[in-house]
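Some notes on the structure that comes next.
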Amino acid sequence: MLPHLGQRVSENQALYRLGYRPDVEGLRAVAILLVVAAHAGVKVLRGGFVGVDVFYILSGYLITGLLVQEVATTGHLGFARFYARRLRRLLPALLLMLAVACAVAQLLLPPTELPSQASNATGAALWLSNFQFAFWKVDYFAPSSDTALFLHTWSLGVEEQFYLVWPLLVVLVLDAWKGAKHVQSMARLKWLFVGIFAVSFALSLYWTHRTPMFAFYLMPSRAWQFALGAIVFLAVGSPRFRSHSGIGNRAWLRPLGWVGLAMILFSAWFISPSTPYPGTWALLPSFGASMVLASGACNNSFGLTRMLSLRPMQTVGRVSYSWYLWHWPVLLLGATLLDMRSAWNRLLLVLLSLLIATISYHFFETPIRRRKWLVAKPRWTLVGALAIMFVAAVSLRAWQFEAKRRDQAAALAPFVAARTDEAVIYAKGCFVSYASTKVQVCTFGNPSAKHTAILIGDSKAAHWFPAYRQIFDSPQWRFFVITKSACPMVDAPYVALPLRREYTECARWREEAVHKVIAMRPDVVIMSESVTYPFAKSQWVSGTKQVLDDLEGSVGRVYLMLPTPELSFNGRLCAEPRGRFYAALTGQSHCSENAHTAQFDNVTRWLIAAATPFANVQIVDMTNQVCPGALCRSEIDGKIVFSDAGHMTATFARTLAPALLEALERNVDSSPTSASPKPREPSAPK
């Protein structure tokens, strides 16, 4: 045990003194620059989200240092002072960002998006948004998450939950409550953090494999990073350790920080959104940050410390929290006005967010944090902060209800309907989810019909169902549907983003689905898939050939549909009316885009190359019907074309039935085989 606190307070102050470290501020700058770069679309730093891991290591190091320093000095921990200090530091900036972002969102965002934004803002105001995103299965890396203004607040929720738990653990382990006679040995604290590291990291590995959303968003699977930072402080954070061990003079520690920085930068370059994360890969940036901290604590004059202590690094590090808060909503709101494919536009928004963060830090956050009467009355600060959080949450909830009420306006009815305007096969359970390998076969038409047609593929095959349902709506045809989420008819492995691992369920499902199709010996098979899969040319060609080769001899004719073009924006949301302010800023509608991107053109060429050797395979290209004149629009003739960035609405798909029938029969012999569809004339869209 440490000696009685009344005997040797001054000595304990010397043993555990955190002090100011400019290299820590510089490391903050590295972390925020990586995060902003990743969110701004810098491809070489696509894994820059690991900057959040660096922040967690820093928090574990610094907060543990503050707690241990206070316990070693006073013999107990003032909870009110601790929590009031955290709230003064973090809450004002958060609430300011939420207020401004919500106000601008009201002017710029599609009205039907406002209820979800308000809900997320409410969670952020209470530091609970990480639970929302985890349990609502909002994929941090999915393109659809690029509309969530407050997605980045998940990490703040994790931090605040850490701040809530950590002081309690320290006090309990050290017997450091007010009135205790002795403070226990710091060795007990080290064992506690080692235990937290082991248990939390094991949970992280388990969740990363089984439920990636939990692993990414929830504090229990991130606690090991805070514990690692705490262990670093307890190992090298006291002057006594450095003086007794002579570690500060060991030459081998000088390059340690550089190795750690290299590990962080390598992580940002190498790790991608498809990497199973956090899991094992999170060790790389976490231990890298720990090595920088350990090296800097023991070597105050070597090169890395000097670099991290440079004035620009200090300036960026000082406003890192504010910049983190502002950069994401500025990028997303800016994307409603600017073309984000332009690197210059992205740079403009990044600099704008830094300017706003700097103003917020100097003229709003700092004056509140240093207000003398708030510092002097921590209990009143706590009560006031909790009251303000409650008022903010209630206000945001009221905004959410009002936004939902406005959703009922007649002008928005088509857009509200388009949100769920999808093929009936989804409601009938014909579309298999990620986790399932069951081949669900749904039957439409006359079960005893002479001819059989099968639609097979992923969601981009499924969105053609309304048109095909009309084409094969004939007594002579029975029509089967076999579809699975994100599972292309390309026999090649790939990593599915929601699972963060190889999509083995797709491979098993596809193999069984093909076997079932072969057993049915259909007259017609229609195949299609999304253009967005990360296959190389050889995989697209050989993988498609393999499926076609398996079907050859058992199928009358295969219609290989070229993929539907993919937009860089949400078609439905872009078309929504947003008021005069938005119209004045944008000038004219920008809800259109060239269908012929490099990815789209490459994939279509590769699919055509794969189909060429097969006599019974016919390419079906509906690009000009979906995007007339090769220009994809949100609306055509008053009908909403896309429900998101790439899926057609069922209503629009149904209108393409006549053109699709013509495309199917094009280049077919005048004496068609049984593989040529001869249904009745498609009925009018319903």
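The values are calculated or read from the model by the stated rules, or taken from the named source; none is laboratory data. Predicted model, so just to flag it, every value in this text is computed and none were measured. Quick reminder, even Gly has a Cβ in these numbers, built from the backbone with ideal geometry, and neighbours come from all protein chains shown.
Odds and ends about this structure:
- Criterion: surrounded by fewer than 21 Cβ atoms within 10 Å (Cβ to Cβ), under 22 Å from the mean Cα position of the chain (by Cα) and not charged (D, E, K, R) - qualifying residue of Leu333, Leu310, Leu325: Leu333
- Residue in the stretch 633-648 that is assigned to a helix (DSSP H, G or I) and either surrounded by fewer than 22 Cβ atoms within 10 Å (Cβ to Cβ) or without any contact (Cβ under 8 Å) to a residue 40 or more places away in the chain (or both) present: no
- Filter result for Leu126 (closer than 20 Å to Met340 by Cβ, aliphatic (A, V, I, L, M) and in contact (Cβ under 8 Å) with a residue 40 or more places away in the chain): no
- Top-ranked residue in the stretch 344-374 [being touching a residue at least 24 places away in the same chain (Cβ under 8 Å) and within 21 Å of Leu585 (Cα to Cα); ranked as surrounded by the most Cβ atoms within 10 Å (Cβ to Cβ)]: Ser353
- Residue under evaluation Gly556, criteria (1) touching a His at 6+ places or on another chain (Cβ under 9 Å); (2) free of Cβ contacts under 8 Å to residues at least 40 places away in the same chain, criterion not met: (2)
- Options Gln408, Gln440: the member that is touching a residue at least 24 places away in the same chain (Cβ under 8 Å), polar (S, T, N, Q) and surrounded by fewer than 19 Cβ atoms within 10 Å (Cβ to Cβ): Gln440
- Any hit, the stretch 445-460, residues being closer than 24 Å to Glu113 by Cβ and either assigned to a helix (DSSP H, G or I) or in the same structural domain as Val319 (by TED's automatic domain parsing) (or both): yes
- Selection over the stretch 252-272 of residues that are farther than 22 Å from Arg46 by Cβ, touching a helix residue (DSSP H, G or I) at 6+ places or on another chain (Cβ under 8 Å) and in a helix (DSSP H, G or I) gives a count of 5.
- Across the stretch 407-448, the qualifying residues are those that are more than 22 Å from Lys639 (Cα to Cα) and among the basic types (Lys, Arg), and the one among them that is modelled with the highest pLDDT is Lys438.
- Members of the stretch 560-592 found to be farther than 26 Å from Ile619 by Cα, among the small types (Gly, Ala, Ser) and assigned to a loop (DSSP other than H, G, I, E, B), listed by number: Gly579, Gly587, Ser589
- Helices (runs of 4 or more DSSP H) wholly inside the stretch 1-98 that include at least 3 residues being at pLDDT 90 or above: 22-39, 51-74
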